[in-house]
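This report concerns only the one structure given below.
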Amino acid sequence: RQWVDGWAAWMAPLAYLSASPVFRHGNSFRPDSLLAPLLTGMAYILCSPAPTTRALVAAGGLFGVAGAISIKAILALPMVLGLLAFAGARPAPRVVLGRVATFGTASLAMFVLCIAFHGMSIPSTAAAESGLVTAAASKTLLEGGAFPALRHLQATWVWDRAMWMLLALGLSASIVRRKPVPAVLALSLLPIVFYRNAFPYYYLVMLTPACVLVALGAQEISGWMQRLRWRPAALVFPLLLGALFCAKLVTLATTLAEDRISHQAAIVAAVHRVFPDPVPYVDHSGMIASFPKANAFMSSWGVSSYVDAGVPFMPAATARKAPLLLVNWPILDVASQSSRKLLPVDRQALATGYVSYWGPISVAGAVVELDAARPAAPVSLPYAGRYRLSASGEVELDGVVVPEGAVVSLPKSGARLALA
């Protein structure tokens with residue numbers, strides 16, 4: 001409302017709420033979501049024509065709380081510095097330095113206070129946490145290259161083209177008309193350029209300040225129409241734009257109507273039915289909470305660290321006699337191109353040591369095809385144990401006839417399988 005008329009101001013929250021990442025991840029159980037209101041409140045205070053010392057302390061306090069909740073708040077620092085530098089009518093350098101000092105002191109004090117209170121309720125892990133933060137910063141900020149998460153931006157372009165076009169127009173208009181404060185809000189999107197984990201759920205935070213520029217873009221188009229004396233179009237445009245965002249909300253709601261939880265629940269129930277007692281298992285992200293996971297979390301970061309280390313995970317999983325493989329991500333599907341990221345030892349072990357059982361569930365075992373041309377063949381198993389025979393009829397194991405469905409104890413070297 002500081003820069004646009006009343007109707008145009010409504011376009012900012014409408015564009016934000018109808019943005020596909022916000023609509024889909026707005027209720028995600030993540031600390032990132034808490035940054036959105038804190039950083040928005042901070043930006044609101046700093047966007048005032050002349051922020052007072054009290055306002056700077058309040059804004060700094062909000063930033064400190066945000067940093068205590070998630071260190072990702074530091075990604076908003078370019079926007080913060082820009083607001084401190086440009087709020088008001090061309091402040092002198094000493095005024096800007098005073099603002100930075102006041103804001104920074106309040107932020108640090110609130111951050112330390114929050115961490116201190118939090119630390120009273122948990123064991124001391126400062127050394128381990130500091131090492132983790134350093135490693136996380138190096139991996140997510142320094143090793144991703146330019147636009148490391150570009151595919152997510154491209155995905156939002158499909159759904160949110162109108163929002164991005166209006167945002168770009170608002171930014172251009174702010175620069176041309178020398179309105180630095182709203183232009184600075186676009187710096188909230190800077191993590192897209194360098195942050196490895198600029199995933200859709202983080203757009204919830206980045207878009208909050210940036211969507212102000214959507215309102216400026218909408219008013220710019222309305223101004224063009226009025227200058228060209230397209231009065232009917234200028235009157236209808238706000239209604240059409242609002243209807244567009246509302247229609248997108250309805251469309252997105254239909255995409256969320258699909259019940260995805262029951263599918264996941266069915267998989268978990270099937271795993272517990274096949275394995276009533278907890279067993280070691282291999283999967284992408286730890287889907288079966290009560291079972292011990294035999295490999296690391298296979299996020300993009302986890303896979304990158306695994307490839308860099310060059311240490312296969314399947315030998316350890318085999319040593320633990322992990323009978324369950326959940327193919328709940330393409331990288332674990334040996335038929336997928338994504339599985340080529342795996343070390344050859346692991347890819348081979350997954351291909352030969354597990355048999356598809358039901359859906360994404362695979363169990364330890366081996367598949368052997370016998371026919372008249374090949375009546376016998378050796379069976380190699382991932383580890384010694386008790387295995388159930390599934391066959392179209394009777395077969396011989398090391399010369400002993402075994403009926404279909406029988407459970408046999410076999411060594412790791414397996415046995416010789418032949419047609420009975």
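The values are calculated or read from the model by the stated rules, or taken from the named source; none is laboratory data. All values derive from a computational prediction rather than experimental measurement. Here the Cβ positions follow ideal geometry from the backbone for every residue, glycine too, while neighbour counts run over all protein chains shown. The protein model used for the area step is the full one, side chains on, heavy atoms only, and it has no ligands, DNA or RNA in it. Shrake-Rupley method; radii C 1.70, N 1.55, O 1.52, S 1.80 Å.
Of all the numbered requirements in (1) open to solvent by less than 20 Å² (accessible area, probe 1.4 Å); (2) within 30 Å of ALA198 (Cβ to Cβ), TYR281 misses one, and that requirement is (2). For MET287, the criteria (1) of a type outside the set (Lys, Arg); (2) at pLDDT 90 or above; (3) exposed (fewer than 14 other Cβ atoms within 10 Å of the Cβ) hold in every case but one, which is (3).
For the range 163-199, the tally of residues that are farther than 30 Å from PRO49 by Cα, touching a residue at least 60 places away in the same chain (Cβ under 8 Å) and not hydroxyl-bearing (Ser, Thr, Tyr) stands at 2. Of the listed requirements (1) within 24 Å of the chain's Cα centre (by Cα); (2) surrounded by 18 or more Cβ atoms within 10 Å (Cβ to Cβ); (3) not acidic (Asp, Glu), MET42 misses just one: (1).
The set of residues from the range 410-420 being free of Cβ contacts under 8 Å to residues at least 40 places away in the same chain and either outside any strand (DSSP E or B) or more than 30 Å from ILE288 (Cα to Cα) (or both) comprises PRO411, LYS412, SER413, ALA415, ALA420. Residues that are on the phi < 0 side of the Ramachandran plot, open to solvent by less than 40 Å² (accessible area, probe 1.4 Å) and under 29 Å from the mean Cα position of the chain (by Cα): does the range 82-103 have at least one? Within the range 82-103 (the criterion being on the phi < 0 side of the Ramachandran plot, open to solvent by less than 40 Å² (accessible area, probe 1.4 Å) and under 29 Å from the mean Cα position of the chain (by Cα)), the answer is yes, since at least one residue qualifies. Would you check if GLY217 is open to solvent by less than 60 Å² (accessible area, probe 1.4 Å), modelled with pLDDT of 90 or more and touching a Phe, Trp or Tyr at 6+ places or on another chain (Cβ under 9 Å)? No; evaluated as a whole, the condition is false for this residue. Taking each residue of the range 286-312 that is free of Cβ contacts under 8 Å to residues at least 12 places away in the same chain and over 18 Å from ASP333 (Cβ atoms) and looking for partners that are of a type in the set (A, V, I, L, M) and part of a helix (DSSP H, G or I) with beta-carbon atoms closer than 9 Å, six or more apart or interchain, yields ALA289/VAL268. Can you confirm whether the range 350-367 contains a residue that is part of a loop (DSSP other than H, G, I, E, B) and in contact (Cβ under 8 Å) with a residue 60 or more places away in the chain? Yes: one or more hits. Within the range 267-278, the set of residues being open to solvent by 40 Å² or more (accessible area, probe 1.4 Å) and in a loop (DSSP other than H, G, I, E, B) comprises PRO276, ASP277, PRO278. Residues in the range 384-409 that are farther than 17 Å from PRO323 by Cα, open to solvent by 20 Å² or more (accessible area, probe 1.4 Å) and assigned to a strand (DSSP E or B): GLU396, LEU397, VAL400, VAL401. When the range 324-349 is limited to residues that are hydroxyl-bearing (Ser, Thr, Tyr) and assigned to a helix (DSSP H, G or I), the one that is farthest from the chain's Cα centre (by Cα) turns out to be SER339.
Whether any residue in the range 225-233 is of a type in the set (S, T, N, Q) and in contact (Cβ under 8 Å) with a residue 24 or more places away in the chain is what I want to check. No: the range 225-233 contains no residue that is of a type in the set (S, T, N, Q) and in contact (Cβ under 8 Å) with a residue 24 or more places away in the chain.
Taking ALA73, is it of a type in the set (Gly, Ala, Ser) and open to solvent by 70 Å² or more (accessible area, probe 1.4 Å)? Here the answer is no, as ALA73 does not meet what is asked. Each residue in the range 293-323 was checked for being of a type in the set (A, V, I, L, M, F, W, C) and outside any helix (DSSP H, G or I), and 7 of them qualify. Residues of the range 45-55 that are surrounded by fewer than 20 Cβ atoms within 10 Å (Cβ to Cβ) and part of a loop (DSSP other than H, G, I, E, B): SER48, PRO49, ALA50, THR52. If you go through the range 244-266 and keep only what is of a type in the set (A, V, I, L, M, F, W, C), within 20 Å of the chain's Cα centre (by Cα), outside any loop (DSSP other than H, G, I, E, B) and within 23 Å of ARG161 (Cβ to Cβ), you end up with just LEU252.
Restricting attention to the range 312-358, the residues being small (Gly, Ala, Ser) and open to solvent by less than 30 Å² (accessible area, probe 1.4 Å) number 6. When ALA58 is tested against the conditions (1) in contact with a helix residue (DSSP H, G or I) (Cβ under 9 Å, 6 or more places away or on another chain); (2) open to solvent by 30 Å² or more (accessible area, probe 1.4 Å); (3) among the small types (Gly, Ala, Ser); (4) free of Cβ contacts under 8 Å to residues at least 12 places away in the same chain, the lone failure is (4). Once the range 371-383 is narrowed to residues that are open to solvent by 40 Å² or more (accessible area, probe 1.4 Å) and not basic (Lys, Arg), the residue that is nearest to the chain's Cα centre (by Cα) is SER380.
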